[in-house]
Every structure is written in structure tokens, then in C-alpha cells.
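First comes the structure, then the notes that go with it.
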């Protein structure tokens, strides 16, 4: 059951990385994207190789008892350096200063990794320990120094990460601030993991057995720490994407009243959109249909034919009876906008056609002017965007 503390975070980190692969491929030249592309899979590697079953397999394959210990320590240390570098890259600032800090961090933690491997080579660990290597060899020469060095390096990294997040969170708001708070909280839990390990090791130095803190409590805190940091790093990007998607959907829906009117005004069959089409394609198609209809109604809106407006420059009587009421509704909505100071109608028909904000305002005006019972005979027999039969127009409230 204890292996769940290791394999579950590894799986979650791996899934998070797989979901980011398309973005990583497209924007690999971005330093921030590269940093994220290294940190997430490295975290998955840490938890995978720290799991007791994996530890046993690695030791058996290498033929060296406890070879997994320096391997996991080295990967954790490298991950700590990558997380700090990610924060420095994410925060931005002068390029030279950021690069110097990244090189300094890589140099220090690279030296720590070399020292860890050297201390393990100098020490003697003949008895394989799958879960309690830290406490079992906490009094062995060289191995004791290796364990303390690893824990101190990890503690410094998590402390630096928490301080960077706290300082930056004071300067920003919204999703970025929330993400930084989660990352900082994960850093505090990571520091708790290190403290738990040090407490268990210190207990061994004084002749006590507090191994449960190292084998149960500390891994749980590390797993929760990684989960919070993963969510924190992803929240600004994912949350911003969802917010933009919701904004596009809202604008698409706001255009519906005007588009339903234009389906009757336009004398030809509208282009059909497959049901599986993306929101961007649907929005583009709806906007094009509306603009085509406005060009047809341009003579009735401005009473002056535009060069690119097909059809006669006569009155509404030139339209078919089923479209006359809809055309009159659009004319009334356009006039209501033109009567407002700075309204969308004040820029003329061409300005309205070229501006999506103008189309949204006109659609809102149409919605407000549409009778509660709908217009009689609305787009009978017409087709909707996805090619299905359209029901008679209903009131849009």
C-alpha cells in the first residue's frame, strides 16, 4: 500500500506531461516551456525510482546493494535545481541576471550531485534497505554525510522556492497569484518532508527509533507537495485558457439573435457546419453569415447603396415578405445604436460590418427588440449551422 504514495504522484505527473507535449513541441524555443518540459517528467522519475519495488529492481539490475539511494538523491537534487530555475525563468527580469542565477544554481547543485555519488562510493552499504535507507545508515561513515547533504540541499531549494513565490505573489493578482500560493504551499510541505527525514535521522543519532516519520509521514508530504506544485504551475495557463474559451463562447452566443434574423434575410442557403466543428470555426461561420446579411441590408440601413452591397437600393419592399419583418427589426436596432453617443451605429454600416464589437452590440439590440413571441414565419424550412432543420424562431431573452 505504501507504494501508492510513490506511483500515484508519478502517474499524475506523467499524465500532466503528456497533456503538455503538443504545446512543448510548438513552443520549445521558449525558455519557460523548456523548463516546464524538464521539471514535470523529472518529478515523475523521482517518485517512480523512489518506490520500494523499483528500488529493489534497480538494485538487482545494477548488482550494487542500495544503488537506488544515490540515484534517487541525485535526481531529487537535480529536480530541486530545475524548479528554482523554472521559477526564475517564469518570473522574468533582465536576461543576463536570470541567466547568471540559473548558471549559479546549476553549478551549486551539480557539485552537490557529484559529492553525493562520491560519498556513496566511499561508504559501505552492504544491506539492502528498500524503505528506510536514510535512518538505517544514518550513523555509517560517509553515508551519514551523504544523507545530510542531500536533505540540506533539498531543504534549501524548497525554502528558496517558497520565498520566491511569496515575494512574487505580493506583486500579482488573479490566477497567477493563486498558482504561486499553491506552489509556495507545496514548497512548505516539501520543507516538511525534509524536516521529517532529519528528525528521524536525528532520532537514530540519539538512540531512538522514529523511522515511521521517514517511511510514512515524509513520503505523504512529498506526494502532496508535488501535486500542489503541479497544479500551481498549470493553474495560470489552464485557467487563462478556460477563461478565454468561456469568453469566446459567450461572444458566440451573443451573436445568435442577429444570426437567426440574418438566416431569413439572406436569400441563399447558408453553408453547413459539421456538428463536430470547433468553436472557432462556428464563430467564424456565424460572423460571416451576419456580415453577408448586413451587406444585403446596407441600402436599407444607410439609405445609400454601398459599392460592395449587392441587391437593389430600394426600400424594404424589395425583400420577400417573410424577410421584411426581420429586415425592419435590424433597421430599428441599427437606428437605436446610432442614437446613442458613441454607439455602434454611429460609424456607419461598413464600420459595423468590420467591427465584431459592433456586431455584438447590434445583436444585443436585436435581442431587446425581438417580440417575446418571436417573428411570424421566422426562417421556416431554413437550415442551422450544422445542417439540421431549424425550428421556428423563438423569443430570445
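For region 94-130, the set of residues classified as out of contact with any helix residue (DSSP H, G or I) (no Cβ under 9 Å at 6 or more places or on another chain) and outside any helix (DSSP H, G or I) consists of 94, 126, listed by residue number. Residue pairs whose Cβ atoms lie under 7 Å apart, separated by 6 or more positions or on different chains, with the first residue in region 274-294 and farther than 21 Å from residue 330 by Cα and the second modelled with pLDDT of 85 or more and surrounded by 15 or more Cβ atoms within 10 Å (Cβ to Cβ), are 279/252; 282/252. Taking residue 38, is it touching a residue at least 40 places away in the same chain (Cβ under 8 Å) and at negative phi? Considered against the rule, which asks whether it is touching a residue at least 40 places away in the same chain (Cβ under 8 Å) and at negative phi, residue 38 comes out as yes. Going through (1) surrounded by 17 or more Cβ atoms within 10 Å (Cβ to Cβ); (2) part of a helix (DSSP H, G or I) one by one, residue 166 falls short only on (1). Just one of the listed residues (239, 212) is in contact with a helix residue (DSSP H, G or I) (Cβ under 6 Å, 6 or more places away or on another chain) and surrounded by fewer than 17 Cβ atoms within 10 Å (Cβ to Cβ), and it is 239. Just one of (1) farther than 25 Å from residue 15 by Cα; (2) under 36 Å from the mean Cα position of the chain (by Cα) fails for residue 72. It is (1).
Scanning region 276-287 for residues that are buried (at least 17 other Cβ atoms within 10 Å of the Cβ), touching a helix residue (DSSP H, G or I) at 6+ places or on another chain (Cβ under 7 Å) and assigned to a loop (DSSP other than H, G, I, E, B) turns up nothing. Which members of region 245-273 meet the condition of being touching a helix residue (DSSP H, G or I) at 6+ places or on another chain (Cβ under 9 Å), free of Cβ contacts under 8 Å to residues at least 40 places away in the same chain and more than 23 Å from residue 329 (Cβ to Cβ)? Hits for region 245-273 are 245, 248, 249, 271. All conditions in (1) assigned to a helix (DSSP H, G or I); (2) farther than 24 Å from residue 152 by Cβ hold for residue 46, with the sole exception of (2).
Is it the case that residue 85 is under 21 Å from residue 153 (Cβ atoms), in contact with a helix residue (DSSP H, G or I) (Cβ under 7 Å, 6 or more places away or on another chain) and not in a helix (DSSP H, G or I)? In short, no. For region 172-189, the count of residues that are part of a loop (DSSP other than H, G, I, E, B) and without any contact (Cβ under 8 Å) to a residue 24 or more places away in the chain is at least one. Of the residues 14, 61, 8, the single one that is part of a helix (DSSP H, G or I), over 19 Å from the mean Cα position of the chain (by Cα), touching a residue at least 24 places away in the same chain (Cβ under 8 Å) and in the same structural domain as residue 167 (by TED's automatic domain parsing) is 8. Just one residue in the set 196, 202 is at pLDDT 90 or above, within 18 Å of residue 47 (Cβ to Cβ) and more than 21 Å from the chain's Cα centre (by Cα); that residue is 196. Scanning region 17-37 for residues that are out of contact with any helix residue (DSSP H, G or I) (no Cβ under 6 Å at 6 or more places or on another chain) and not in a helix (DSSP H, G or I), we see that the one that is surrounded by the most Cβ atoms within 10 Å (Cβ to Cβ) is 30. Checking each residue in region 275-288 for being modelled with pLDDT of 80 or more and more than 18 Å from residue 245 (Cβ to Cβ) picks out only 288.
Among the residues making up region 134-150, those that are part of a helix (DSSP H, G or I) and surrounded by 23 or more Cβ atoms within 10 Å (Cβ to Cβ) are 134, 135, 143, 146, 147, 150.
The values are calculated or read from the model by the stated rules, or taken from the named source; none is laboratory data. Owing to the predicted nature of the structure, the values given are computational and were not obtained by experimental measurement. Don't worry about glycine lacking a Cβ; one is built from the backbone with ideal geometry, like all the others, and counts go over all protein chains shown.
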